[in-house]
Amino acid sequence: MAPDELSNTEQLRRELELARASLAEARKMASLGQLLTAVVHEINTPIGSLVSNNEVARRSLEALKRVLAGSPEAAGIVDTMAGLAAIDKIACERLVAVVHSVRGFSSAARGDRGSAQVNDLIDNALKLAAWIYGKRITVEKDYGGPPAIECYPQPLGQAFLNLLVNAGQAIDGQGTVTVRTRAEGGYIHIAISDTGPGIRPEDRPKIFTSGFSTKPLAGRLGASGAGAGGPSGEGTGLGLAITRDIIVELHGGAIDFESQPGAGATFHVRIPTEQGRKHGD
Amino acid sequence: METNAQPVVAVIDDEEMVVTSIRTYLQLETDYRICGFTDPEEAVKHLETHPVDVVITDIMMPKLNGVQLLACAKRFQPEATRILLTGHADKQNAIQAINEVGVYQYLEKPWENAQLLLVINSAIERTQLFRQLRGKIAELDAAHGNIKDIQARLIRAFL
């Protein structure tokens, strides 16, 4: 076999491997989406009851306190119960927020096109990313109040989640992820920065390539670390490829990045406010 | 079927906790009468003979799903307002329910009590307006019949 033919065969073999990996990832995500939908459905009912009962309990305790006004000891017990019910209310609100966040990401389908606030989509993605960030990552938000845009909210939220998770995972130890949104002409500009080590120059040309990751199996997936993973492709190098697909192909937007060694990385996303318009028009 | 002076709300969910929670909240907040059911077939039997103002039901239930139950409710009491309360955010179910049984509102679990109450209040008002309208139409029909009768007698008197 001639060297050129050998090279072509090798190239085809690699593409086939990537296609297989993409298919396996898509199947995994579809199963995960179905599982999440089922879990959310199961917990919605008890959470609904908890929230409702908590409101009734707090109001009943207020009424009981008025009835027991003459007995300081009884009033003290009611105060303790009211304090616990108030904590339960906060706990319930957090559960409801988690359910709403997960519901937005649980569908594997792209869903319907509609109007959405980019800041809201990012906030929802941040609630989920916070599970990964823990106390290690500080989030700084600089929202410029961009207008609502016409988009596919579910996949766009997934793209933001991928970028936010990547940014957080790029940081070793403590660090900061900064999110900035601005309206620029007919576009919304979203910049997501991390304080990680930055993307190595040799990795930059391949960063949106499907299957590329600095640590192919389960390594660091951060933007600065030139990984391409996150919830849609952890360890397979598909996260940023999928993100690019959602931004560029689905929304006619643009995504690029800037990075200085040792000074973190910033991913810039530009989405047209009206669909049908392509970036650069 | 006679109407109720005190508004009646039927709550159907195969989860006892949902029925109890909504019943307790509405009893605290309103003077409505609440009929709760965990068995949708029992609920249908009740709806066949007892007038209600609002029917709130879950979708995914054994024996009879929420859309089927609301179809029965619509057959027995067309003016009663129908509401779906579901943990399954399924657009297909919602479209089916709206098209087939004319659902007034589609609420998702976990519900907010204040929102639920707002929807129930509007639903009761809607039902009562429908009933008033039906009463007025019956009065108009009766008046129209009287006028036709008088007209016929006048014609006979002058001929």
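Criterion first (within 14 Å of chain A (Cβ to nearest Cβ) and either farther than 21 Å from A:S49 by Cβ or surrounded by 11 or more Cβ atoms within 10 Å (Cβ to Cβ) (or both)) does B:L85 satisfy it? Yes; evaluated as a whole, the condition is true for this residue. Going by what's in this entry, would A:A57 be described as among the aliphatic types (A, V, I, L, M) and facing chain B (nearest Cβ under 10 Å)? Considered against the rule, which asks whether it is among the aliphatic types (A, V, I, L, M) and facing chain B (nearest Cβ under 10 Å), A:A57 comes out as yes. Screening B:D141 with (1) in contact with a strand residue (DSSP E or B) (Cβ under 7 Å, 6 or more places away or on another chain); (2) open to solvent by 90 Å² or more (accessible area, probe 1.4 Å) gives one miss only, at (1).
Of the residues making up the stretch B:11-29, none is more than 14 Å from chain A (Cβ to nearest Cβ) and either over 19 Å from A:S49 (Cβ atoms) or in contact (Cβ under 8 Å) with a residue 40 or more places away in the chain (or both). The set of residues in the stretch B:107-124 that are under 14 Å from B:V54 (Cβ atoms) and more than 11 Å from the chain's Cα centre (by Cα) comprises B:L107, B:L116, B:L117, B:L118, B:V119, B:N121, B:S122.
Here are some residues: B:I12, B:I22, B:I34. Which one is closer than 19 Å to A:R59 by Cα and modelled with pLDDT of 95 or more? Result: B:I22 is the single residue among B:I12, B:I22, B:I34 that is closer than 19 Å to A:R59 by Cα and modelled with pLDDT of 95 or more. Selection of the stretch A:177-210 for residues being of a type in the set (F, W, Y) and crowded, with 20+ Cβ neighbours inside 10 Å yields only A:Y187.
Of all residues in the stretch B:96-126, those satisfying the criterion of being among the aliphatic types (A, V, I, L, M) and either open to solvent by less than 50 Å² (accessible area, probe 1.4 Å) or within 12 Å of chain A (Cβ to nearest Cβ) (or both) are B:A97, B:V101, B:V103, B:L107, B:A114, B:L116, B:L117, B:V119, B:I120, B:A123, B:I124.
In the stretch B:51-72, is there at least one residue being basic (K, R), within 18 Å of B:I124 (Cα to Cα) and away from every other protein chain (no Cβ under 13 Å)?
No, the stretch B:51-72 contains no residue that is basic (K, R), within 18 Å of B:I124 (Cα to Cα) and away from every other protein chain (no Cβ under 13 Å).
Here the stretch B:9-60 is the region considered, the condition is being within 14 Å of B:I120 (Cβ to Cβ) and charged (D, E, K, R), and the residue that is surrounded by the fewest Cβ atoms within 10 Å (Cβ to Cβ) is B:D31. All told, A:D142 meets the bar of being closer than 23 Å to A:R182 by Cα, among the acidic types (D, E) and either open to solvent by 50 Å² or more (accessible area, probe 1.4 Å) or modelled with pLDDT of 85 or more (or both). Being modelled with pLDDT under 90, in contact with a Ser or Thr (Cβ under 7 Å, 6 or more places away or on another chain) and away from every other protein chain (no Cβ under 14 Å), is that true of even one residue in the stretch A:67-79? There is no residue in the stretch A:67-79 that is modelled with pLDDT under 90, in contact with a Ser or Thr (Cβ under 7 Å, 6 or more places away or on another chain) and away from every other protein chain (no Cβ under 14 Å). Does A:G157 fit the bill of being crowded, with 16+ Cβ neighbours inside 10 Å, under 14 Å from A:V269 (Cβ atoms) and not hydrophobic (A, V, I, L, M, F, W, C)? So A:G157 passes the test.
Screening A:G229, A:G252 for residues that are modelled with pLDDT of 50 or more, in a loop (DSSP other than H, G, I, E, B) and of a type outside the set (A, V, I, L, M, F, W, C) leaves exactly one candidate, A:G252.
One line per residue, one yes/no per condition, for (1) crowded, with 16+ Cβ neighbours inside 10 Å; (2) outside any helix (DSSP H, G or I); (3) more than 9 Å from every other protein chain (Cβ to nearest Cβ); (4) more than 31 Å from the chain's Cα centre (by Cα):
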{"position": "A:R13", "(1), (2), (3), (4)": "no, no, yes, yes"}
{"position": "A:A19", "(1), (2), (3), (4)": "no, no, yes, no"}
{"position": "A:E25", "(1), (2), (3), (4)": "yes, no, yes, no"}
{"position": "A:L36", "(1), (2), (3), (4)": "yes, no, yes, no"}
{"position": "A:N44", "(1), (2), (3), (4)": "yes, no, no, no"}
{"position": "A:I47", "(1), (2), (3), (4)": "yes, no, no, no"}
{"position": "A:A82", "(1), (2), (3), (4)": "yes, no, yes, yes"}
{"position": "A:V99", "(1), (2), (3), (4)": "yes, no, no, no"}
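Yes or no: B:Q151 at pLDDT 90 or above, in a helix (DSSP H, G or I) and surrounded by 11 or more Cβ atoms within 10 Å (Cβ to Cβ)? In short, no.
The values are calculated or read from the model by the stated rules, or taken from the named source; none is laboratory data. Everything numeric here is computed off the predicted structure, so don't read it as measured data. Every residue, glycine as well, gets a Cβ built from its backbone with ideal geometry; the counts of neighbours run over all protein chains shown. These accessible areas exclude ligands, DNA and RNA; they are computed on the full protein's heavy atoms, side chains included. Shrake-Rupley method; radii C 1.70, N 1.55, O 1.52, S 1.80 Å.
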